[in-house]
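The values are calculated or read from the model by the stated rules, or taken from the named source; none is laboratory data. As the structure is a computational prediction, the values presented were derived from the model and not from experiment. Cβ placement follows ideal geometry from the backbone for every residue including glycine, while neighbour counts extend to all protein chains displayed. Side chains included, ligands, DNA and RNA excluded: accessible areas come from the protein's heavy atoms. Shrake-Rupley method; radii C 1.70, N 1.55, O 1.52, S 1.80 Å.
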Amino acid sequence: MKILVAGSEMTPFAKTGGLGDVVGALSAALSELDHEVICCVPFYRCVKPVATGMSLPQGPRLTLKIPMGAETITGEILEARLSEKLRVLFVRCDEFYDRPELYQAGELAYEDNAARFLFFSKVVAELIGLKEFRPDIVHCHDWQTAFVPVQTAYRRQTLGPEFGAKTVFTIHNIAYQGMFPGVEFPLTNLPGEFFTPSGLEFYGQMNLMKGGIVFSDAVTTVSKKYAQEILTPAGGFGLDPVLQTRQTDLTGIVNGADYRTWNPATDPVLKQKYGPTDLSGKKACRADLLKRFGLEARDNAPVAAVVTRLTELKGVDILVKAVGGLLKLGVTLVMLGKGAEKYELAFLELARKYPKRVGVRIGQSEDWAHLVQGGADVFLMPSKFEPCGLTQMYALKYGTIPVVHATGGLDDTIRQFAPDSGEGNGFKFAEYSARALIGAVRQAAALYKRPKTWEKLMRNAMACDFSWQTSAKEYEKLYASLL
């Protein structure tokens, strides 16, 4: 098959979270199954140094003029080939993408995000119609590319079979829908009937994710449990009635982990490499992490870690409340992340108050994320909602035991450890509260005092296989069913 993948992020070029990892790793896995894969990504400012370091790309490949309401905006296509079966088309338009961040300045979203990603989606739709790029399947990810199925359906209807590619739309997090004032609709250049309750209109606003759900040929999300949760009022964020109309076309496919990047046996960032047959390197990594943060930890109490965006959806509100109780258990805490200013300040204050027990690094860093995964004993993911989650999968591979809120993909991938039978790979709590989080960590801390049992748990975790090859084969079956 010829598969075009459209995403607003793609590792290693541009990433704010798991979306970039998914687009990069899934595309590579599909190409390894011998499909021809073309990825489309905006040419952001942050892409330039990465592309330059890889000697990519080499000048404009193509120039496109795109109508945006009453204006026409020009975009360039730059091409990079990553392997024989995998290439990337960067959409360059400096007025939209040459900015310090991908989506926002500080905590405020860019005011022209509707125009930025409608433009990107329109470029993708143009490429679909060109014979050289024409795919069998177009796979779009999240609201930033949700207009692609809308535009493709319209072009299929009005311009003919060259736009006949089947579209798959994946919801990574339904809380972020691409909602904009209705006055932005003219930027679509679509007839008015598309701005109705059966189209993009949503309580007077334009909802791009709704368009992706309504007009795609298949809808997927990133875990089986999350596929059930988004059909409910509690989990659908207002789109549950729309999803219920597409229920027979909705599939949950768990994301995979890229073990070429996330593997303690080969990780070049770690102080000492280790694996399930020789766990001794874990102690060296733990000592290195504590030294880097200037922390002290008891030998018989775990080092707990968090790598996250600092938002309430990630459970940061209950985590902040839980820190005092975690410290009473003897736990040492490491936090890596950035986000809402109030939470950044809250963690910095905790680090000031407990300088030897709480270590904080505000920011995003791949190297530091690897150091934290390698050096911690326990990994905390108290997310209020978590469609799939990738960091708990990375933690499992590193023998860093996840403690998670039993929601979405966290509930799908983590099995409660039972000391009597020796089965399970982590700890879960059902009630969304600081008290429940502390209770789950208390279980982990108690078992940490039993080294043989803890080693058994670590080996269980490291034996889990969430490789992308499994997920890619599920997508392959879905694509084939559409064709």
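Quick rundown of the values:
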read-out	value
Residue match in the stretch 436-459 (condition: closer than 30 Å to LEU30 by Cβ and in a loop (DSSP other than H, G, I, E, B))	no
Lone unmet requirement of (1) over 22 Å from MET209 (Cα atoms); (2) at pLDDT below 95; (3) in contact with a Gly (Cβ under 9 Å, 6 or more places away or on another chain) for ARG92	(2)
Single condition VAL254 does not satisfy, out of (1) in a loop (DSSP other than H, G, I, E, B); (2) in contact (Cβ under 8 Å) with a residue 24 or more places away in the chain; (3) farther than 19 Å from HIS141 by Cβ; (4) not aromatic (Phe, Trp, Tyr)	(3)
Residue, farthest from LEU380 (Cα to Cα), within the stretch 438-456, restricted to residues that are in contact (Cβ under 8 Å) with a residue 60 or more places away in the chain and open to solvent by 90 Å² or more (accessible area, probe 1.4 Å)	LYS449
Residues of the stretch 153-177 satisfying the condition of being of a type in the set (S, T, N, Q) and surrounded by fewer than 18 Cβ atoms within 10 Å (Cβ to Cβ)	GLN157, THR158
Residue check, THR196 β-branched (Val, Ile, Thr) and touching a Cys at 6+ places or on another chain (Cβ under 7 Å)	no
Lone unmet requirement of (1) over 21 Å from the mean Cα position of the chain (by Cα); (2) part of a strand (DSSP E or B); (3) free of Cβ contacts under 8 Å to residues at least 60 places away in the same chain for ASP420	(2)
Of residues in the stretch 214-234 being more than 22 Å from GLU474 (Cβ to Cβ) and of a type outside the set (A, V, I, L, M, F, W, C), the one least open to solvent (accessible area, probe 1.4 Å)	THR232
Residue within the stretch 459-469 that is more than 30 Å from ASP299 (Cα to Cα), within 21 Å of the chain's Cα centre (by Cα) and not aromatic (Phe, Trp, Tyr) present	yes
Total residues in the stretch 124-141, condition under 22 Å from SER481 (Cα atoms) and part of a loop (DSSP other than H, G, I, E, B)	4
Flag for GLY281 being open to solvent by less than 30 Å² (accessible area, probe 1.4 Å), touching a Phe, Trp or Tyr at 6+ places or on another chain (Cβ under 6 Å) and at pLDDT below 95	no
Cβ-Cβ under 8 Å pairs, at least 6 apart or on other chains, the stretch 1-24 side aliphatic (A, V, I, L, M), far side in a strand (DSSP E or B) and open to solvent by 10 Å² or more (accessible area, probe 1.4 Å)	MET1/GLU36; ILE3/GLU36
Residues located in the stretch 181-213, provided they are open to solvent by 50 Å² or more (accessible area, probe 1.4 Å) and under 30 Å from LEU390 (Cα atoms)	none
Condition met for LYS473 (free of Cβ contacts under 8 Å to residues at least 40 places away in the same chain, over 16 Å from VAL403 (Cβ atoms), assigned to a helix (DSSP H, G or I) and among the charged types (D, E, K, R))	no
Any hit, the stretch 388-397, residues being crowded, with 23+ Cβ neighbours inside 10 Å, outside any loop (DSSP other than H, G, I, E, B) and of a type in the set (D, E, K, R)	yes
Selected residue (criterion: farthest from ASP377 (Cα to Cα)) from residues of the stretch 251-278 that are under 19 Å from the mean Cα position of the chain (by Cα), at pLDDT 95 or above and among the polar types (S, T, N, Q)	THR251
Verdict on TYR354 being within 30 Å of GLU455 (Cα to Cα) and without any contact (Cβ under 8 Å) to a residue 40 or more places away in the chain	yes
Helices (runs of 4 or more DSSP H) wholly inside the stretch 142-251 that include at least 2 residues being in contact (Cβ under 8 Å) with a residue 60 or more places away in the chain	147-159, 208-215, 224-229, 233-236
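Residues are listed down the side, and each one gets a yes or a no for (1) open to solvent by 50 Å² or more (accessible area, probe 1.4 Å); (2) β-branched (Val, Ile, Thr); (3) out of contact with any Pro (no Cβ under 7 Å at 6 or more places or on another chain); (4) more than 21 Å from LYS15 (Cα to Cα):
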| position | (1), (2), (3), (4) |
| --- | --- |
| ARG92 | yes, no, yes, no |
| ALA114 | no, no, yes, no |
| THR145 | no, yes, yes, no |
| GLN151 | no, no, yes, yes |
| MET179 | yes, no, yes, yes |
